[in-house]
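Written out below as structure tokens is the structure these notes cover.
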Amino acid sequence: MKQLKMHSVDKIAENIDKIASLFPNCITESTDGIGGVKRTVDFDMLKQELSDHVVEGLEERYQFTWPDKKKAMLAANAPINKTLRPCREESVDFDNTENLYIEGDNLEVLKLLQETYLGKVKMIYIDPPYNTGNDFVYNDDFAKDAEEYMANSGQYSDEGNRLVANTESNGRFHTDWLNMMYPRLKLAKDLLSDDGLVFVSIGDEEIDNLRKIMDEVFGPDNFRNQIVVRRGAKSVQAQFETWDKLGKDFEYVLFYSRVATHRFKQQSKLLDSFRAGTWNNHWRGTDRPTMRYELFGTIPKTGQWRWSKERSEIAIINYNKMLNEIGSNPTDEQIDNWYLGKGERIDLLRLSNKGKPEHYIPPTDKTLLNSSWMDMLVGSSSEISSLFNAKVFETAKLTSFIKRILGFCDEDSVVLDFFSGSATTAHAVMQLNAEDGGHRKFIMVQLPEACDEKSEAFKAGYKNICEIGKERIRRAGKKIKDENPLTTQDLDIGFRVLKLDSSNMEDVYYTPKEYMDKEISLFVDNVKADRSSEDLLFQVMLDLGTSLSSKIVKKEIAGKEVFDVANGHIMACFDKDVNDDVITAIAKEKPSYFVMRDNSLADDSVAINFEQIFNTYSPNTERRVL
């Protein structure tokens with residue numbers, strides 16, 4: 001029994017718990033003044049979380065830190081004036097798909113997704129740069145001050161030169177990698193639902209650092225497993241008689257949950273061969289008095305029976321029924337065949353030849369999954385090469401590996417991969433949906449990193465990684481449907497392409513005071529000249545927190561183009577010279593939101609009538625202007 005507290009509620013502990021749920025990285029350990037250690041709040045870190053500038057100040061405490069860590073935190077919290085622009089010509093089934101492929105720096109894309117996908121993502125898998133010295137890290141350049149960083153964040157050259165090599169000779173070798181990962185993980189955490197899970201692939205180079213920053217971002221209580229998975233063994237030292245270290249044939253996957261109380265469904269993996277049924281001792285040493293009862297005339301004095309009394313008694317009845325059907329002295333093979341013929345799980349319990357209760361463990365080709373995934377290969381170029389008939393990607397993850405991870409989430413989950421690379425995750429989502437009839441949706445995010453001009457990918461016509469990823473989804477989707485024409489008629493193999501870009505609005509929209517004394521012509525239009533109505537619509541969807549895969553219907557009302565998003569959730573008209581007839585028709589639709597440009601109305605009389613029209617036909621509609 002639990003001991004009574006015998007004191008009033010500890011409000012300090014309650015408040016620390018509240019802070020820990022919001023900012024787990026702000027909880028640390030410090031001395032209590034009498035020789036002990038207590039959990040406490042790192043107020044300097046909390047100040048940083050609530051500040052828009054780097055906060056100075058140190059005190060002695062247990063902590064994991066590195067140069068520019070506070071600037072990395074600032075990078076996660078700093079706002080940006082960016083948008084996502086739709087690209088219909090590169091999409092597949094744009095109007096009907098629920099999948100997204102987003103091109104751009106994932107730090108900024110994650111910021112843009114905060115309003116729309118807050119708490120809605122069930123599964124995140126990422127395969128970030130391993131920091132081997134030969135791969136790349138995103139060049140966020142934290143040596144700049146915050147203002148300069150925010151002004152330049154996300155820019156890269158026309159050649160896609162947004163990444164920089166991080167060699168071990170760099171004095172900031174681990175620092176640069178940590179500063180790249182930390183803000184992205186912080187932003188990703190907020191997108192996860194309460195039952196959300198995150199898996200991150202990594203190698204030896206940064207496994208220790210990654211574990212520390214994930215403990216800080218997600219909270220150490222949310223750590224589930226450090227999984228090992230097999231990879232192709234390579235050793236450049238094989239040609240020598242002496243070695244400085246052994247070759248390695250595995251890498252890691254860190255597995256965390258959004259909240260510590262979440263339990264995921266039991267997972268299994270295939271055995272190398274079919275395992276026959278066996279009988280196992282029904283008594284165990286765990287000392288639970290409530291699980292000691294009479295069974296076959298015996299009540300154990302210590303330990304416990306494996307099952308509850310009711311379950312055990314039913315299992316004895318089942319065993320006797322089996323004997324009536326197949327005979328009194330069946331062989332193990334006969335028992336297995338009888339069990340498999342039933343097609344359902346049935347408990348069996350008997351008294352062994354030695355007079356001990358034993359229960360039946362059914363024949364199976366599976367076993368419970370553990371943290372060793374050495375039964376499968378994590379990556380290879382073979383799968384993607386067979387799709388393209390060329391080696392367009394060196395070490396793509398395999399769909400079988402990603403599908404095992406997807407098994408931890410529900411069949412209707414939103415799955416995010418913001419280091420999507422060759423888009424294996426999207427391929428795996430479509431493949432698994434085809435196999436089990438699920439409706440998982442994917443969001444892929446990838447920087448358009450330029451392909452090396454000497455690579456097979458470039459020679460095959462792919463200028464950057466995004467082009468490879470999009471083409472893989474197209475080819476994989478077609479292949480899945482061609483191979484399963486009867487069961488994949490409703491399978492979503494499409495995707496909307498969205499591209500990160502500067503805001504659709506001119507600078508005057510954000511800082512009008514700076515333009516008050518300038519030429520009046522600057523105020524004629526606050527929208528950039530090269531932006532379409534659909535560009536504006538997607539920025540509105542981001543601002544109002546509306547899913548970017550929502551159904552969009554174009555209508556014509558009194559000669560004006562009107563967008564209907566998510567069956568009346570948003571209605572928007574960005575045309576000019578909008579008159580009373582248009583406003584009245586839209587108001588009668590009773591949308592949750594109506595959006596237009598600030599210069600859309602035809603004249604002053606329409607402006608005067610605008611509010612009255614909505615108050616008459618749809619008073620609850622939120623009205624917004626650009």
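The values are calculated or read from the model by the stated rules, or taken from the named source; none is laboratory data. This structure is a prediction, so every number in the text was calculated from the model and none was measured. For neighbour counting, all protein chains shown are included, and Cβ atoms are generated from backbone atoms with ideal geometry for every residue, glycine included. The area values use the complete protein model at the heavy-atom level, side chains included, leaving out ligands, DNA and RNA. Shrake-Rupley method; radii C 1.70, N 1.55, O 1.52, S 1.80 Å.
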- In Å³ per residue, the alpha-carbon convex hull of the chain encloses 282
- Message: If I fit a long axis through the Cα atoms of helix 332-342 and take the longest principal axis of the Cα atoms of the chain, what angle between them do I get, 0 to 90°, rounded to 10?
- Response: 40
- Query: How far, in degrees from 0 to 90, does helix 424-436 lean away from the longest principal axis of the Cα atoms of the chain, to the nearest 10?
  - Reply: 60
- Once the whole set of protein chains is in place, how much accessible area is left on Tyr293, using a 1.4 Å probe, in Å² to the nearest 10? 20
- Message: Counting pairwise Cα distances across the stretch 389-432, what percent come out greater than 15 angstrom?
- Response: 42
- Taking the Cα centre of the chain as origin and charging only Cβ (+1 Lys, Arg; -1 Asp, Glu), how large is the dipole, in debye to the nearest 20? 3080
- Query: Once the mean 1/r over all distinct Cα pairs of the stretch 536-603 is inverted, what Kirkwood radius in angstroms do you read off?
  - Reply: 12.0
- For the chain, share of DSSP beta bridges that run antiparallel, in % to the nearest 5: 65
- Note on the structure: Of the accessible area of the chain, computed with a 1.4 Å probe and all protein chains kept, carbon and sulfur make up a percent value of 48
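Could you work out the relative contact order of the stretch 17-132, using alpha carbon pairs under 8 angstrom and six or more residues apart, expressed as a whole percent?
Working: 69 pairs, mean separation 18.0, N = 116.
It rounds to 15 percent for the stretch 17-132.
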- Listed here are the pairs Lys38/Lys120; Lys82/Lys391; Lys186/Lys248; Lys82/Lys189; Lys82/Lys528; Lys82/Lys186; which of them are more than 24 Å apart at the Cα? Lys38/Lys120; Lys82/Lys391; Lys186/Lys248
- Query: Under Stokes-Einstein, with the Kirkwood radius over Cα pairs standing in for Rh, what whole-number D in µm²/s applies to the stretch 308-369 at 25 °C and 0.890 mPa s?
  - Reply: 196
- Item | Leading residue at positive end of dipole, the chain (Cβ point charges), from Met376, Thr331, Ala20 | Thr331
- Task: With label points built 7 Å along Cα→Cβ from the Cα atoms of Asp543 and Asp17, find their separation and express it in nm.
- Result: 4.1
- Item | Percentage of interatomic Cα-Cα distances in the stretch 353-492 larger than 28 Å | 29
- Query: Hey, what angle do you get for helix 207-218 against the long axis of the chain, alpha-carbon based, 0 to 90 degrees rounded to 10?
  - Reply: 70
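For the stretch 212-279, report the % of Cα-Cα distances exceeding 19 Å. All intermediate terms of the calculation are to be shown ahead of the outcome.
Numbers: 1412 of 2278 pairs.
Tail of P(r) above 19 Å: 62 percent of Cα pairs.
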- Pick out, from Gly303, Ser352, Tyr593, the residue whose Cα sits farthest towards the positive end of the charge dipole of the chain, with +1 on the Cβ of Lys and Arg and -1 on the Cβ of Asp and Glu. Ser352
- Query: Just for the Cα atoms in the stretch 316-411, what are the lengths along the principal axes, largest first, rounded to whole Å?
  - Reply: 63, 27, 25
- Glu344 accessible area, assembled protein chains, probe 1.4 Å, Å²: 110
- Item | Accessible area per residue, Å², the chain with all protein chains present, probe 1.4 Å | 52
- Item | Selection from Val582, Thr290, Val414, by position along the positive dipole direction of the chain (Cβ) | Thr290
